[in-house]
1. Under 15 Å from a point placed 7 Å out from the Cα of ASN265 along the Cα-to-Cβ direction: which residues of the stretch 142-181 have their backbone N that close?
2. Within 10 Å, count the other beta carbons around each residue, average over each peptide in 417-426, 99-108, 335-344, and list them highest first.
3. At a Förster radius of 22 Å, what calculated FRET efficiency corresponds to the Cβ-Cβ distance of LEU284 and GLU68, to the nearest 0.05?
4. At 1.4 Å probe radius, can you tell me the per residue accessible area of the stretch 22-79 in Å²?
5. With a Cα-only, solvent-free Debye model of the stretch 144-202, what are the log10 I(q)/I(0) values at q = 0.19 Å⁻¹?
6. Can you give the Rg to Rh ratio of the stretch 461-580, both from alpha-carbon atoms, with Rh computed by the Kirkwood formula?
7. Counting each pair of different Cα atoms once, what's the Kirkwood radius of the chain in Å, rounded to one decimal?
8. How long are the semi-axes of the ellipsoid equivalent to the stretch 336-443, from square roots of 5 times the Cα gyration tensor eigenvalues, in whole Å, largest first?
Amino acid sequence: MATAKVMTYKNFRGVDFSNKEVIPSRSPNSINMWKSYADTDAVCVETRPGMKKLGDFGAEVYGIYFYELINEISRTTQVLVHAGTKIYNWKNYPNSPVEKTIIYENINPFKSNAFVFNNIFYFKDGLNYLEYDGLIMKPVVGTIPLTTIGRAPLGGGTIYQRVNLIQPKRRNAFVADGKSKEFYLDATDLDPASTFICTAEVNGVNMVESINFEVDREKGIVTFGSAPEAPLSDGSDNVYITFSKTVPGYADRILKSNLLCEFDNRIFFSGNEDYPNAVFHTELNDPRFIADLNYYTEGTDFKKVKAMVPGNNALWVFKEPNQGNTTAFYHTPVIDDEYGKVYPSSHSTISTGCISTGINFNDDIVFFSERGMEGISGDIGSEQFLTHRSTLVDSKLTNEANYENMQLTEYNGYLLCLVNNHIYLADSRQKYSNTNDNSVEYEWYYWELPFDIRFLKEYRNKLFIITMDGIIYELKGIYDDSLNINSIWTLPETNFGSDAYLKTSNKRGGVAIVKKMNNDSITVKTKTSKEEEEEISSYSDKKGYIVYRIKKKKWSFIQFSFSSNKPFGLFSCTLEAFIGGYVKR
């Protein structure tokens, strides 16, 4: 008499594209499925949400930003969109952007970055560094540094601040002696008067070049008509002179940078092709001031910095591969007696290069190498080592044609990795230990979108999806615009515990617990070791379960799948089979 065995698939976990033996809770072939976690008491794998069209900006979108402008009486949000070479204010968001105004032009058509500091919006595109107060967008006006204090008319004094890379103007503070008319600045070869007219403040009185004093720009000497009086308090600065000296290439160090991140109340910049391994940073709490010595080089080679990721009390910097040298560096704040707080570059033990990008994903420092997602294990005080995070999708992910230009966005507990129109989702709620190296890895899902997607943006639990030609969608609904969503969950092959015996499925022994989503066309297909894939039938989820009749004889393994062009959800499924005689040799 044949023995009956039941195979149950449940507690689904994600996909497995590794081309190895797949456990029952994972799918070797799934498209457009995920766990939404909306119902925490009944989590199943289900069809992803659709894409609802919001509007069209008519050009490729390189950034979308939600700027919350706060004042004493109100809080408003402006939606700023970088499309083509313009920045728009989308005034009637979330409706179709028929009310949009251009607030700045001649923008670099390149992926941009932005941040808000002290209620001011700052924008960076690899060509411009702009600021916006809610009314006017303009180039950042750099802080004028007070480079020397306590300076005697003939020179000396104490260096107080460094030169600002984005601001050629400087100030010197002198202690007048009541006799000297000539005051020697701390720089020579000043900018011509056509560029900047020098000014001065003497004992609180404002003075202007050519009226109250003359300037020898080549020598850097300011000559007053009469000697400024000495200060009432000995040693106190009472003469302040403002001048300008442009250093070629200084401003471009920041303007040409296309990477930025916030760390320790400073902004860090990198990605300048002329300084590929350099990281620059602002002064504390001042995005308008980047001192000329506020930079660090990551290693001795000139391989590019690909990502900067704050986390674990440090700023991590990941470089592209460089034949075995260190590729990951970290910066931790250190107090220096002379320079104050500094961020020296420290080597890690990591030599695996970053070819795409990186992110802090729920306190997990990760980046993407030629092998897939890598994570930093250990802490700053111990030896760091690299562990893998994406074994289950590497075979597909790393072979994507545009893998090196991946974009990352966090949404609903997932890390969304966008490559072309494909999205790979790392699930922060589902992790497992890889027994090969004891590394902690993520479970993954995989989506295919119908349009050429170039940009993702998350804002307050909403996900915006933008196409190459500037159409903006929101992830919601059950259609991709007007298109049905084709989704599939394929179960792994099963031999019911043995390759040696032939099996016959019990046509009454198949049932699936499904989510009620008003779907009457859930298709069940099957294939065996003897037959190609065949459709069994289509079913409705009205009852919360479906009974499928699979009658296949004398097979050694069987595989079946659930699919639909309407949303469906799957909690579990079973199949009963009778174990028969031995497989014939």
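1. Hits in the stretch 142-181 for ASN265 at 15 Å: none.
2. Ranked by mean Cβ neighbours within 10 Å, highest first: 417-426, 99-108, 335-344.
3. The formula returns an efficiency of 0.40 here.
4. 43
5. -0.73
6. 1.11
7. The answer is 28.2 Å.
8. They are 27, 17, 14 Å, listed from largest to smallest.
The values are calculated or read from the model by the stated rules, or taken from the named source; none is laboratory data. Computed from a prediction, not measured in an experiment: that's the story for all the values here. Virtual Cβ from ideal backbone geometry, glycine too; neighbours counted across all protein chains shown. Accessible surface areas use protein heavy atoms only, side chains included; no ligands, DNA or RNA. Shrake-Rupley method; radii C 1.70, N 1.55, O 1.52, S 1.80 Å.
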